[in-house]
1. Classify chain A as rounded, prolate or oblate, taking a ≥ b ≥ c as the square roots of the eigenvalues of its Cα gyration tensor: rounded when a/c is under 1.5, otherwise prolate if a/b is larger than b/c and oblate if not.
2. Among DSSP bridges having both ends in chain B, what percentage is antiparallel? Round to the nearest 5.
3. Residues with amide H under 5 Å of B:Leu272's amide H, sequence separation 5 or more or different chain, H placed in the peptide plane at 1.01 Å from N; which?
4. Short version: ³J(HN,Hα) in whole Hz for each residue of segment B:188-198, in order, from phi by Karplus 6.51 cos²θ - 1.76 cosθ + 1.60 (θ = phi - 60°), x for Gly and Pro, what are they?
5. So what is the relative contact order for chain B, in percent, with contacts set as C-alpha pairs under 8 Å and at least six apart?
6. Can you give the calculated 222 nm mean residue ellipticity of chain B, where each DSSP H run of n ≥ 4 adds -39,500 (n - 2.57) and the sum is split over every residue, rounded to the nearest 500 deg cm²/dmol?
7. Equivalent ellipsoid semi-axes for chain B, as square roots of 5 times the alpha carbon gyration tensor eigenvalues: give them largest first, rounded to whole Å.
8. Sorted from fewest to most neighbouring beta carbons within 10 Å, what does the list B:Met85, A:Met11 look like?
Amino acid sequence: MTAADAGIENMRSALRRDARRRTAAALLLTLPLLAFLLFTFIVPIGALLLRAVDNPEIARALPGTIAALRGWDRESRPPAAAYAAIVADLQALREQSDAGTLARRLNTEVGGARSLVMNTWRALPLPATTDAAQVHAQLIGIDPRWDEPWIWQAIAKNGSRLTPDYLLAAVDLRRTVEGSVESVDADRSAFRRILMRTFSIAAIVTVLCLLLAYPLAWWLSTMTARRANALLIVVLVPFWTSILVRMAAWIVLLQSGGIVNQSLAAAGLIDRPLALLFNRTGVVIAMVHILLPFMVLPLYSVMKGIPRDYVRAAVSLGSHPLAAFVRVYVPQTYAGVAAGSLLVFILGIGYYVTPALLGGPEDQMLSYSVAQYANVHLDWGMACALGGVLLTATLLLYAIYRRLARMEPALA
Amino acid sequence: MNIAESPLVRFSGVHKSYDGSTLAVRALDLDVRRGEFLTLLGPSGSGKTTTLMMLAGFETPSGGEILFDGKPITRTPPHRRNFGMVFQNYALFPHLTVGDNVAYPLTVRRVAAHERASRVAAALEMVRLGGMAARRPDQLSGGQRQRVALARALVFDPAIVLMDEPLGALDKQLREHMQMELKDLHRRLGVTFVYVTHDQSEALALSDRVAVFNDGALQQVDTADRLYEEPANRFVAGFVGDNTALDGRIAAVQPEFAEVALDCNATLRGRLVGSAVSGAAVQVAIRPERIALRDTTRPNSIGATVEDIVYLGDHVRVRCIVDEKTTAVVKQPIAAGPPPAIGARTHLEFPAEHVRIYA
Ligand SMILES: Nc1ncnc2c1ncn2[C@@H]1O[C@H](COP(=O)(O)OP(=O)(O)OP(=O)(O)O)[C@@H](O)[C@H]1O
Ligand SMILES: [Mg+2]
């Protein structure tokens, strides 16, 4: 190594030291925020993701049965030990609520499981015996369905504490009895359709917001700061009103006897009222209204920083003003377009109240299903799995944005 | 009048108002000659940029006509004028590379790709940025950006190049360096340059002719030396170069010359600019380096006391008190001998042919 190489090596390590010191300082400064994020954000999300794969009920209630079913081929009759094991396991459940939890969980797997489990539990305890065949006979005596394979399959399939079933169900997949993954029947599949609907509504809203916000932001950016600020406040008014109030206002405006339909009819443009409420149109209109500021603000802040000289320069170089706008101005706003679209889309795919109040049954988005599973079915696993799908979609979008930003510095 | 002599651009009675009440540019008659380097010089707000923008087509005159090559262009949109333009902040398109920036006017004109490449390369070579085509503008220094902007404004062979304070953002040394490059470029290419600045030394250093503006009105258009030696009015005398000015009234008018009774009770003879009658209030103006310091009284001299002396390397600047209201500044070359002591009594001799009397 020559002296010059050594010098460069020294310089490099000095630079690295310097970078490390700066990283440490940054870490120290952001520590309170990181701690806050950890407890309000990362831990809850972690819990949510855990819930999506958590499957404790059966494993906790029927440990003996699961051990007895290990190695069973899931088609032939279950081993004789399984009958004795399930009687022992059920007898060990002291409280009715414990049995109820198990019964409800099994019922989500196969219909009829609830009554089977509860009937059996109530009939316990059985007269003591050590003969396996006798235990079997007693069990069949309580409920002959113990001779059918489905209940055993359901137990065997959920023997593990963790399950991919909720996540699979969230994208309309399921595990077969043998453990392979397949799509659910077309007539029972729902979530993929809801997911696509969620994305398509969010995409439509994003595009409409962009189309409305771009000229507005441009117009604002050509004004003096004072006037622009005054008008921005008007744009921001939606931020300051409660979302329910705004929804109620839209219901008043959009109903068949509402202002919009009345004015259109008065103007002679329509002779029957347009259906603007409890369908896709109403949902999109209201969502655009709510999300518009999230598009206007990033666009405006980017456009404000672009001097007029750029377009003038392009025009002086021979570009038609429109071509100059498209070729020189628009590319410089990509950062704002990307940031605004990302924001609106991500917020849009999480929408719940607006479709619930202004949409029909065919306009409900994924969050509605999350709420259904959490509030109505009390199925937290399914609710969390659907939440996980939303989260994954969001992260995926963000990753794409970052990748684009790295390739195109104008976006960063 | 043959083609070579006819002006390339003519402003004819042009005025411009932004608000309908005040005039940013008034009654402008100005010719830009073929191939010259014309600078618009004036204090802030005097209408230089407005004039340039009207020429570029970004502002429409409120009245009057602008002719290019004898044809009116007042209503031609800017993108059809084929004028190159350099902005103060360079206005290089940040999303394009240096090469694409320079190629922009050529793509607009649908120049074939191979020709475009060679012309871009030549233009970058011309401003000595040969290897920089692939860089982005934010990877260049201020002076390099300036040169890219120049290359972009020149690459499509514009009929005229307009520049609005293009060196304003550079530090002094770089600015002086770029001035030389600009001048050199102008000489090599022979393209007509119209240049805006409020820096008079820049104007004098660069230009074939300088148009001095004040308050929206054109004051004088002349070569640098005539502007300095023969300012047309008080404003130009005071704005361009250093000036010692004394107030007084006309005592006697002679052919071309006049005698002025100064407010400080002395009489000076000088060249009368314009016309004035006896008794009219006038201003006597002279360049500080034309005043001579004398020990004894001379014809056309006034007595004064040395107040302050500043040593400036090649000359000393002597500030003299004539009376409590009047001071006069004298530039004395070092070679002319040692300066007088502070507080000494001296006599300021004003050679009559360099004294100018403004009504
Ligand atoms: N877009 C505009 N709207 C209204 N008034 C303007 C506008 N542009 C310029 N003015 C006014 O017109 C007058 C001349 O301005 P101009 O920009 O031509 O001056 P300038 O000589 O270029 O000054 P500077 O050296 O400061 O650039 C000024 O009083 C200015 O306030
Ligand atoms: Mg200006």
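Laboratory data are not the source of any read-out in this text; all were calculated from the coordinates shown. Just so we're clear, the structure is a prediction, and the values are computed from it rather than from any experiment. Glycine gets a Cβ as well: all are built from the backbone with ideal geometry, and neighbour counts include every protein chain shown.
1. Verdict is oblate for chain A.
2. Working: 58 of 79 bridges.
Of all bridge pairs located within chain B, approximately 75 percent are antiparallel.
3. HN-HN under 5 Å from B:Leu272: B:Phe257, B:Ala258, B:Ile357.
4. The phi angles translate into 5, 8, x, 7, 6, 10, 10, 10, 10, 8, 10 Hz.
5. It comes to 15 percent, rounded to a whole number.
6. Numbers: 8 runs with 84 residues, N = 359.
For chain B, the value works out to -7000 deg cm²/dmol.
7. Details: eigenvalues 429, 126, 48 Å².
Ellipsoid semi-axes (Å, largest first): 46, 25, 16.
8. Numbers: B:Met85 30, A:Met11 10.
Sorted ascending by nearby Cβ count, the order is A:Met11, B:Met85.
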